[in-house]
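Novice: Let me begin by handing over the structure; questions about it come next.
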């Protein structure tokens, strides 16, 4: 026997059975479907969510990011701490960390490395090239993976003037080398270095006039510039660089053959007659010219590799633009 409900029309799943209502498709409606439904019901207004195409045409995203509110501080001290002191402190911490571990800079106050390095140059120093030193330590290393070699321009702590005095010199002989000076010329392991004289630039001559001491004009005209070439051998690499001799005021130019102990170096300035270096360190004046003072490997601070910038101290600290970024060799 048929049930009385059998005569009722079957309802469609997911639709509203009330008369006049618009059926909704199964599942979640898209933005376009919601907008169409709202317009059909007469409820569309400016707040209706736009479609992705409309949002793209209008030039904004589907969701706007809320504006960041400005920080509020309870006092002027809190303001300066949050906006100035703390950010600057973080920058300073990063810079100091880099200087302690990676790259340092060093102001050159004297002309002992002329013509390679001038008075007023601020040079950059690789600190990690030989290893990582214990921070604030003069002679202790955390780890060491390299050794200074013949020809390196090294920044070191003075062997006879205390740990607070830093110097920049050229390493001319390393452990195991036999080094000799004869009339100012180097002889390494029995091989004489080569010397080719050249004429300096007008700017270099003027620099010498401005920076060398008494009677500097005559001394500058007597300066002799050479390209010094140290040959390579089984104990170390070769090297080529510029040196200057002061013919008007010669310094220590003769030292007999000297065997450099292991882990030690002989270092000399490129300004051969105006540099306090291994020819004088830890020696009485009456011993000058009889032996070399040596530098222990632990006292090497790093290797100089470039001029960061340069200021002409004899000319109101005018920058020397042509020296900025110049590599050192």
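The values are calculated or read from the model by the stated rules, or taken from the named source; none is laboratory data. This one's a predicted model, so the numbers in the text were calculated from it and none came from an experiment. Cβ coordinates were reconstructed from backbone atoms using ideal geometry, including for glycine residues, and neighbour counts include every protein chain displayed.
Novice: For the stretch 304-329, enumerate the residues that are within 27 Å of residue 129 (Cα to Cα) and free of Cβ contacts under 8 Å to residues at least 24 places away in the same chain.
Specialist: Matches in the stretch 304-329: 322, 324, 325, 326, 327.
Novice: In the stretch 135-185, what count of residues is obtained for those that are assigned to a loop (DSSP other than H, G, I, E, B) and farther than 18 Å from residue 329 by Cβ?
Specialist: Going through the stretch 135-185 one residue at a time, the tally reaches 21.
Novice: Also, I was wondering about something else. Against the condition in the same structural domain as residue 108 (by TED's automatic domain parsing) and crowded, with 19+ Cβ neighbours inside 10 Å, how does residue 148 come out, does it pass?
Specialist: Against the criterion (in the same structural domain as residue 108 (by TED's automatic domain parsing) and crowded, with 19+ Cβ neighbours inside 10 Å), residue 148 qualifies.
Novice: Of the conditions (1) over 30 Å from residue 104 (Cβ atoms); (2) in contact with a strand residue (DSSP E or B) (Cβ under 7 Å, 6 or more places away or on another chain), residue 221 clears all except one; give me its number.
Specialist: (2)
Novice: Is there a residue being exposed (fewer than 13 other Cβ atoms within 10 Å of the Cβ), assigned by TED's automatic domain parsing to the domain that holds residue 281 and either part of a helix (DSSP H, G or I) or over 16 Å from the mean Cα position of the chain (by Cα) (or both) anywhere in the stretch 105-123?
Specialist: yes
Novice: Specify the residue that is nearest to the chain's Cα centre (by Cα); the eligible residues are those in the stretch 186-228 that are assigned to a strand (DSSP E or B) and crowded, with 18+ Cβ neighbours inside 10 Å.
Specialist: 228
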